[in-house]
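Only one structure is covered here, and it is reproduced in the block below.
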Amino acid sequence: MSTMYSRSVVMLNQSRDAVSKVTEDDAYLDVACFETQQALEFLIKAILLENGIGYDKSHDIRYLLSLLTETGFTFEKQEALELLSDTITDWEESSRYGKGVRTTVQTIQRVHNIYKNLNETFLKMQEENNRSE
């Protein structure tokens with residue numbers, strides 16, 4: 001897999017770890033949000049690169065998702081991601097620049113589930129492509 005894909009997996013794991021520590025310190029909420037946004041961003045970019053699609057330098061999940069949609073790639077939780085895309089994009093800036101994030105652990109976990117669905121769909125597509133070669 002690509003470096004971008006590997007980064008996404010690392011960021012998701014770090015986010016899950018941060019979520020597990022939120023009860024110890026609320027600061028982990030910002031960390032979890034940032035790393036969740038990065039995990040999704042890197043995963044979408046990995047899928048775009050795999051499909052030969054370039055993209056502008058951006059952290060905007062809505063923009064990246066629109067490019068992904070143009071490839072014909074679809075996944076079950078796509079609508080849920082569309083609905084949360086602006087919120088997730090805001091997590092990157094708000095947590096990075098100290099504004100703080102206003103969200104819940106449940107929302108982060110919903111986004112983790114969206115990531116899981118997107119990732120599973122991507123891996124299944126990769127497996128099918130490998131079989132057909």
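Some points to look at:
- For the chain, the longest principal axis of the C-alpha atoms and the axis of helix 27-50 are separated by about 10°.
- To the nearest ten degrees, helix 78-96 and the longest principal axis of the Cα atoms of the chain are 50 degrees apart.
- Summing Cβ point charges (Lys, Arg +1; Asp, Glu -1) relative to the Cα centre of the chain gives a dipole of roughly 140 debye.
- Degrees between helix 61-70 axis and first principal axis of the chain (Cα, 0 to 90, nearest 10): 10
- Listed candidates [x] 26, 15, 13; [y] 35, 20, 10; [z] 33, 19, 12 - label of the one calculated as semi-axes √(5λ) of the Cα gyration tensor in Å: [x]
- Relative contact order (%) - the chain, alpha-carbon pairs under 8 angstrom, separation at least six: 27
- Counting lysine pairs in the chain that sit 8 or more residues apart in sequence, or on different chains, and whose Cα atoms lie under 19 Å apart gives 7.
- Table column - 3J(HN,Hα) (Hz), the range 106-123, Karplus curve with 6.51, -1.76, 1.60, x for Gly and Pro: 4, 5, 4, 5, 4, 5, 4, 5, 5, 4, 4, 5, 4, 5, 4, 5, 4, 5
- Accessible area per residue (1.4 Å probe, heavy atoms of protein chains only) ranks Leu43, Leu29 as Leu29, Leu43, with the largest value leading.
- Gain on full stretching of the segment that runs from Asp60 to Arg102 - 0.36 nm per residue minus C-alpha separation: 13.3 nm
The values are calculated or read from the model by the stated rules, or taken from the named source; none is laboratory data. Just so it is clear, the model here is predicted, and its values are computed rather than measured. Cβ sites come from the backbone with ideal geometry, for glycine too, and all protein chains shown count toward neighbours. Heads up: the accessible areas ignore ligands, DNA and RNA and are worked out on the full protein's heavy atoms, side chains in. Shrake-Rupley method; radii C 1.70, N 1.55, O 1.52, S 1.80 Å.
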